[in-house]
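J.: Take a look at this one; I'll ask things after.
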Amino acid sequence: MNRVVITGMGIYSTIGKNIEEVNNSLYTGKSGIGFEQLRKDLGFRSGLTGIIERPDLKGELKRRQRVGMAEESEYAYVATIEALKQARIEEDFLDKNDVGILYGNDSTAKSVVESYDILKEKKDTALVGSGAIFQSMNSTITMNLSIIFRLKGINLTVSAACASGSHSIGLGYHLIKSGLQDIIICGGGQEINYHSMGSFDGLNAFSVREDQPQKASRPFDRDRDGLVPSGGAATVILESYESAIKRGAKIIAEVIGYGFSSNGDHISVPNVVGPAKSLEMALKDAQLKAAQIDYINAHATATPVGDLNEAQSISKVFGPKTPYVSSTKSMTGHEMWMGGASEIIYSVLMMQNSYVAPNINFENPDEHSAKLNIATETIKNHNIDIFLSNSFGFGGTNSSLIVKKIK
Amino acid sequence: MENKEIITKVNYFLIDEFELEEDQLVPTASLKETLEIDSLDYVDLVVIIEKTFGFKVKGEDFVGIKTLQDFYDYIINRVQAN
């Protein structure tokens, strides 16, 4: 079995457009949340959202390469360019080797809505344009990036709701561990437009603390009132240890455990048993005891029930003495299909720079979060050798990853 | 609409939308080989012609159009026919 390491990371998010900016935001507890009036005009219950600027790729990519890219494909492209650069993987290497892509994405609503709007107005499919179909499939990220980077390995989109990005890394880990692939571009992308969020807003799951956008995402806090939708993209280059050594690549960290489970329960309400099972499976895969984990990046999105159940799952596995826990969603909002991948990057940055990013807006615990060791402010000079990152999604899909420092 | 104005409009969208260089737009240029207009680009040409000139083009209309001059002539004929 191969050891699986991370040799590159790249990110385009609401708290920074590259690794350096994101690291600074995490350390200082900066929020990426804002308010969009257009959502209110459309009848949204909440106008809160992560705020991100769309990258301008004109001049960087040819028109033919751009027209099929949905918003999340653009974010993923920028993140992947940064990750490949860090991994020192250049075009010539991509042409000569079977590099794969496994990327999490579970919606691409804007392009579907816009195509339908054209049909309603023009009554002619010939006027929709050539790019719409390639923008309007869930695999828009993998289909576009695999062409742009001329990839020859596995080419697959992972759709698993808010655990998509995490599962993409977990599945990539297994393909490399078993020797089927040497290098896979893994990650998660999330569109951030109102087109994709109206139906979710209708579930009353979003925070309505609109007068204080940056205080709205309050994971584990007693007075939390829902999540804030957000997005962007995060790319992690997974590689076999042997391949990384052979290429002379700098090894950033090692993926040592992946756990997964399905609740088989309620479509939107998480439970305690399923996530705990995923956590325990990851620990078993990594051959670790719970006490060996130095930091937990919680899934906690700031919904009343979700955080309550995750706190109980963590307590069930870790007992009364937990390692530091924080939910970086307090700063980023809920990055959904992207979150499982971005939160690996956030945690690796903490590991590399010896700190724990704060769970901002955590002012008062509830009955169960009081049992967790939640980082209310930046914990400086804190060594992290091993961390665990949880991601849970609609349909009861759970994913847990364990990553270790390379010494 | 004068022929010159039609050609100016065609050149404008070829440069602006299809990102061709002005010096590539010589009448003898092959759409396929020189201007690298591929099968998917023809789908977008239909859209932009409808937006610019207000008429719909059928895919089969492009069959006999090989050069940029052929393309100008086709557009001019359709505009004048309308």
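The values are calculated or read from the model by the stated rules, or taken from the named source; none is laboratory data. These figures come from a predicted structure and were not determined experimentally. All Cβ positions, glycine included, derive from the backbone under ideal geometry; neighbour counts span all protein chains shown.
J.: Can you tell me which residue within segment A:157-203, out of those that are part of a helix (DSSP H, G or I) and free of Cβ contacts under 8 Å to residues at least 40 places away in the same chain, is farthest from A:ALA341 (Cα to Cα)? Walk me through it before giving the result.
T.: Just the residues of segment A:157-203 that are part of a helix (DSSP H, G or I), to begin with: A:164-177, A:194-201.
Now restrict to residues that are free of Cβ contacts under 8 Å to residues at least 40 places away in the same chain: A:199-200.
On the way: A:SER199: 24, A:PHE200: 21 Å.
Looking at residues that are part of a helix (DSSP H, G or I) and free of Cβ contacts under 8 Å to residues at least 40 places away in the same chain, I get A:SER199.
J.: Inside chain B, counting only helices (runs of 4 or more DSSP H) that do not spill past its ends, which hold 3 or more residues that are out of contact with any Phe, Trp or Tyr (no Cβ under 7 Å at 6 or more places or on another chain), modelled with pLDDT of 95 or more and more than 12 Å from chain A (Cβ to nearest Cβ)?
T.: Numbers: elements: B:3-16, B:39-53, B:68-81.
Of the helices (runs of 4 or more DSSP H) lying wholly inside chain B, those with at least 3 residues that are out of contact with any Phe, Trp or Tyr (no Cβ under 7 Å at 6 or more places or on another chain), modelled with pLDDT of 95 or more and more than 12 Å from chain A (Cβ to nearest Cβ) span B:3-16, B:68-81.
J.: Moving to a separate point now. Can you name every one of the helices (runs of 4 or more DSSP H) wholly within segment A:1-66 that holds 1 or more residues which are in contact (Cβ under 8 Å) with a residue 24 or more places away in the chain, under 30 Å from A:PRO213 (Cα atoms) and assigned by TED's automatic domain parsing to the domain that holds A:GLY202?
T.: Numbers: elements: A:19-28, A:37-41, A:63-66.
Passing ranges, in order: A:19-28, A:37-41.
J.: Would you say A:LEU308 is among the aliphatic types (A, V, I, L, M), under 17 Å from the mean Cα position of the chain (by Cα) and surrounded by fewer than 24 Cβ atoms within 10 Å (Cβ to Cβ)? Working first, answer last.
T.: Values: among the aliphatic types (A, V, I, L, M): yes; under 17 Å from the mean Cα position of the chain (by Cα): no; surrounded by fewer than 24 Cβ atoms within 10 Å (Cβ to Cβ): yes.
No, not satisfied.
J.: Which of the residues spanning segment B:1-23 are surrounded by fewer than 15 Cβ atoms within 10 Å (Cβ to Cβ) and farther than 19 Å from B:GLN80 by Cβ?
T.: Taking segment B:1-23 and keeping what is surrounded by fewer than 15 Cβ atoms within 10 Å (Cβ to Cβ), we get B:1-5, B:8, B:12, B:15-16, B:19, B:21-23.
Result: B:TYR12, B:ILE15, B:ASP16, B:GLU19, B:GLU21, B:GLU22, B:ASP23.
J.: Next question. Would you check if there is a residue in segment A:121-135 being of a type in the set (Asp, Glu) and either surrounded by 18 or more Cβ atoms within 10 Å (Cβ to Cβ) or under 16 Å from A:ILE237 (Cα atoms) (or both)? Give the steps one after another, and end with the answer.
T.: Here is the first cut: in segment A:121-135, the ones of a type in the set (Asp, Glu) are A:121, A:124.
Narrowing the set further to residues that are either surrounded by 18 or more Cβ atoms within 10 Å (Cβ to Cβ) or under 16 Å from A:ILE237 (Cα atoms) (or both) leaves none.
There is no residue in segment A:121-135 that is of a type in the set (Asp, Glu) and either surrounded by 18 or more Cβ atoms within 10 Å (Cβ to Cβ) or under 16 Å from A:ILE237 (Cα atoms) (or both).
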